[in-house]
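Just so it is clear, none of the values below were taken in a lab; they were calculated from the coordinates. Since the structure is predicted, the reported quantities are computational estimates derived from the model, not experimental observations. Backbone-built Cβ (ideal geometry, glycine too); neighbour counts: all protein chains shown.
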Amino acid sequence: MLADCYIADIAEHQGYGEPHPGATEPTELSRTVRMFRLLRLVRVARALKLRRGFTALQEVIHSQRASLYLKFFVSLGQLLMLVHWIACGWFGVTWLHTENWVASSDLRYRDSLFQYLTCVLWSFCQLGVGESPWQPTNTTEMILASVIAFTALITAAVLISTMGELIAGLRKLRQDELSQFRLLRRYLQKHDIPVDLGHRVTQFLHNQYTERQQASSSQTQVPLLELLSRPMMQELQFERHRPVLCKIGAIKAILSKDDVHCRRVLHKMAYDSLDPMVAAAGDVIFVGGHMATMSYIKMNGRLSYFKDGFFQPLSGDHWISEVCLWAPWVYLGDLESQTTSEILSLDAQKFCTILAESSDTHRAASTYARRFIKVVQRQGVYSDILTEPYEELGSLEEEPTFDMLLPAPLKRILMQHRVSHGQVRPVND
């Protein structure tokens, strides 16, 4: 669109101000026709529609640096468009009078490109860049020059100020980065950190800093979210991690009930028990033999599980050590990050305590836990990675229990009694 606007407007200069062969001066009809051609320049206003496109593009770009560059080039384009419009208007006014600045400057018989560039130079002079040798020669040109000067004074000042602020913002981003890593190098030197460890720390922090600037990390902080109410923040946290939480069969079963109270319990669980974390290459997440208190799932990166000398790369399809959510468990292998990885951890104690606050969520979790433990026992070889098909856990038909025969108020009293006595695990073995 922009190319069409600029090329078409330049092409309009072909024959501008050039008398017909054999004629001594432009006729009145010729000037009228050319004036109508000037009105065709209004089509350049279509470029204003690009503003919506730039706004949409800015929403897609999450990098602060890239956003500043985009704003800078948009402002530069707006400045060039302003210069173009002024140049076209300054040349077009010459069609209204025989005696004009083109005739007085001996530019009438020059080629159209030279005339256009002359007008562009005059436009830049109106913006305060140097002094123009081409002056108005009649009242119409004087009026137009005065209007252009006033308009250019305001518009150009705003655009140039905006571009200056954007350049300063880009410099500040670079200076902040250099300053922070300069402090990091001083810290490593002052405390005699080994070179190998210092290199790993610097490389990891550089990667994290870049991702934070690009807003591509799940750890990106949004200060505005601090204004949300606690219930809304809990719901937001749940919806943010809903896809991975639904990989736990009990969560899917609770969601299928479509109960408001159950959803509130899940929202609280997601807010209190989930914790995103970042692991560097070579970081060990857990070691075999330790009490399992967390279940993990990979968000991105590469994780590997080691057990009995065997190496197993992991996907993000299932939770790691999910069994600790349903029964006391000890990690049987080692989990290590092969690259910089983003991991979501789930605190087993908080998970069970919160689900036990409601009789409906407690019953669904208990039913799922019993089936889950049966699948684990059927494997024969115990591992932190469930190898049996998860389809076996899909059926959550509940067996009739004494709790199901009680009225809702008595269910809540019974649940409060169980919680007060530490019966918070969904598994009853």
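Along its principal axes, what span do the Cα atoms of segment 279-350 show, with the longest given first and each in whole Å?
In descending order, the Cα extents are 30, 26, 19 Å.
Give the Kirkwood hydrodynamic radius (Å, one decimal) of segment 65-169, defined as one over the mean of 1/r across all pairs of different Cα atoms. Each step should come with its number before you reach the end.
Values: mean 1/r = 0.0674 Å⁻¹.
Here the Kirkwood hydrodynamic radius works out to 14.8 Å.
For a quick check of your reading of the filter: which GluC sites (Glu not before Pro) in segment 96-146 sit in a DSSP loop and have no more than 15 other Cβ atoms within 10 Å?
Details: sites: GLU99, GLU131, GLU141; in loops: GLU99, GLU131.
Sites meeting the loop and neighbour criteria: GLU99, GLU131.
Return the lysines within reach of LYS71: Cα separation strictly under 27 angstrom, same-chain partners fewer than 8 residues apart disregarded; answer none if there are no such residues.
LYS49, LYS172
Quick one: order ASP283, ASP111, ASP272, ASP308 by neighbouring beta-carbon count within 10 Å, fewest to most. Spell out each step's value before the answer.
Numbers: ASP283 18, ASP111 12, ASP272 15, ASP308 9.
Ranked by crowding around the Cβ, least crowded first: ASP308, ASP111, ASP272, ASP283.
How do PHE311, PHE238 line up, fewest other C-beta atoms within 10 Å first?
Values: PHE311 9, PHE238 20.
Ascending Cβ contact count within 10 Å gives the list PHE311, PHE238.
Can you sort PHE372, PHE310 by how many other beta carbons sit within 10 Å, fewest first?
Values: PHE372 26, PHE310 9.
If I rank by nearby Cβ atoms, fewest first, I get PHE310, PHE372.
Would you work out which of LEU325, VAL284, HIS261 lies farthest towards the positive end of the dipole of segment 253-330, given +1 charges on the beta-carbon of Lys and Arg and -1 on that of Asp and Glu, about the Cα centre?
After comparing all options, I get HIS261.
Subtracting the Cα-Cα distance from 0.36 nm times the residue separation, let me have the gained length for GLU165 to LEU183 in nm, one decimal. Each step should come with its number before you reach the end.
On the way: separation 18, 0.36 × 18 = 6.48 nm, distance 2.67 nm.
Extra length from GLU165 to LEU183 when fully extended: 3.8 nm.
Give the cross-link partners of LYS247 among the lysines, using a straight C-alpha distance below 21 Å as the criterion and excluding same-chain residues fewer than 8 apart.
Leaving aside lysines fewer than 8 places away in the same chain, those within reach of LYS247 are LYS257, LYS268, LYS298, LYS350, LYS374.
Have a look at segment 187-332 and give its Rg and Dmax from the Cα atoms, expressed in angstrom.
Reported Rg and Dmax, both Å: 18.6, 59.
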